[in-house]
């Protein structure tokens, strides 16, 4: 079986990079695994990696991917879907055209939906920034989102989600062919933490796309509450800004100045792959203050890899994949005072940090990339009649 995964690769640690490499190990040399990337991708694959081919552009991707899959004699195409995977949010409907072309050309199609439901109407969201706050407009966006998920379900052989909470959401709008395969976690590197971060000034890290749904305002407020008790601590906000929220990072910087913590908060912007290890190894803990179950978490996999203790909001997703072993690392979602208590507790207790590290390491064995790849390949093999 020849397999093509389709995604906009933003990082060497990106979900598709890690999954495709593990899939290649599962299927062996008798099958070909490749990644179709945007034509704007210019990175050269590292030796031994799954090949990344610059195939598609935003508006022409349905024809480009379908044509290339025929030329490469691909049997199955695995799409990674977010509303911005192939370009602008308002062109996301073209993915349905892509799937139709693939099915007409007798390719099997599996679609992974990352983080349903995507809610555009968040605080400071796209329409709010433009003064478009009518109920009718919001209902239109919500209807479009639900329609897209239904169409993806109807057109794809199978839909993959990363947790039961997301499966329930899709089934509630009529998507019946979805299965749960958990997001992989990288196993802890030998000696990954060591002395580099043990005796330094405490560094609290947020890492990921800068977006209102990530709850960074909650983290800033909580940090302002605990800074008097931990005056040597600093807070690093690392990640690129979502194009949907072009003013959001600036509003966070303004908030930090307003609550008088800007001298201890560093806004790092997008972090290249070559600096990831330094950022994680020189941090004391990673905080994921998400407002709701927005998606599975790539940063959680990085924390697992580098042996970094975490604090996470108690969303349905985190409760599903991390409870009960990491209950000590959770706080009430959306509650700055609950997060402040968790920050103080974890920063003050080295033994607790080690327990969280060890518990996350155990979770990485349960949700390894090899396990995710094995389940994915098993799903591929079950699609004989699709």
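When the test is whether a residue is within 22 Å of the chain's Cα centre (by Cα), assigned by TED's automatic domain parsing to the domain that holds residue 110, more than 21 Å from residue 147 (Cα to Cα) and not in a loop (DSSP other than H, G, I, E, B), residue 95 does not pass it. When segment 242-266 is filtered for residues that are part of a helix (DSSP H, G or I), closer than 15 Å to residue 208 by Cβ and touching a residue at least 60 places away in the same chain (Cβ under 8 Å), only 248 remains. Is it the case that residue 348 is more than 21 Å from the chain's Cα centre (by Cα) and at negative phi? Judged against the criteria, residue 348 is a match. Of the helices (runs of 4 or more DSSP H) that lie entirely inside segment 289-381, those containing 2 or more residues that are touching a residue at least 40 places away in the same chain (Cβ under 8 Å) and over 30 Å from residue 109 (Cβ atoms) span 298-306, 336-348, 350-366. In segment 100-138, of all residues being closer than 21 Å to residue 212 by Cα and at pLDDT 75 or above, the one that is surrounded by the fewest Cβ atoms within 10 Å (Cβ to Cβ) corresponds to 114. For the residues 269, 239, the requirement of being in contact (Cβ under 8 Å) with a residue 12 or more places away in the chain, within 14 Å of the chain's Cα centre (by Cα) and more than 21 Å from residue 361 (Cβ to Cβ) singles out 239. The numbered conditions (1) within 23 Å of residue 17 (Cβ to Cβ); (2) crowded, with 21+ Cβ neighbours inside 10 Å are all true for residue 287 except (1). Looking across segment 168-186 at every residue that is crowded, with 19+ Cβ neighbours inside 10 Å and assigned to a helix (DSSP H, G or I), the one that is modelled with the lowest pLDDT is identified as 169.
The requirement of being touching a helix residue (DSSP H, G or I) at 6+ places or on another chain (Cβ under 7 Å), at pLDDT 95 or above and either outside the structural domain of residue 354 (by TED's automatic domain parsing) or within 19 Å of residue 182 (Cβ to Cβ) (or both) is fulfilled somewhere in segment 305-325, by at least one residue.
On the given criteria, is residue 335 at pLDDT 95 or above, touching a strand residue (DSSP E or B) at 6+ places or on another chain (Cβ under 9 Å), surrounded by fewer than 20 Cβ atoms within 10 Å (Cβ to Cβ) and over 28 Å from residue 184 (Cβ atoms)? Judged against the criteria, residue 335 is a match.
Only one of the numbered conditions (1) within 22 Å of residue 208 (Cα to Cα); (2) surrounded by fewer than 22 Cβ atoms within 10 Å (Cβ to Cβ); (3) at pLDDT below 90 is not met by residue 38, and that is (3).
Taking the numbered list (1) at pLDDT 90 or above; (2) outside the structural domain of residue 19 (by TED's automatic domain parsing); (3) buried (at least 20 other Cβ atoms within 10 Å of the Cβ) in turn, residue 230 passes all entries but (3).
Take residue 74 and decide whether it is modelled with pLDDT of 95 or more and within 18 Å of residue 35 (Cα to Cα). Yes; evaluated as a whole, the condition is true for this residue. Within the bounds of segment 273-280, is there any residue that is assigned by TED's automatic domain parsing to the domain that holds residue 361, part of a loop (DSSP other than H, G, I, E, B), free of Cβ contacts under 8 Å to residues at least 12 places away in the same chain and over 19 Å from the mean Cα position of the chain (by Cα)? Scanning segment 273-280, I find no residue that is assigned by TED's automatic domain parsing to the domain that holds residue 361, part of a loop (DSSP other than H, G, I, E, B), free of Cβ contacts under 8 Å to residues at least 12 places away in the same chain and over 19 Å from the mean Cα position of the chain (by Cα), so the answer is no.
The values are calculated or read from the model by the stated rules, or taken from the named source; none is laboratory data. Predicted model, so just to flag it, every value in this text is computed and none were measured. For neighbour counting, all protein chains shown are included, and Cβ atoms are generated from backbone atoms with ideal geometry for every residue, glycine included.
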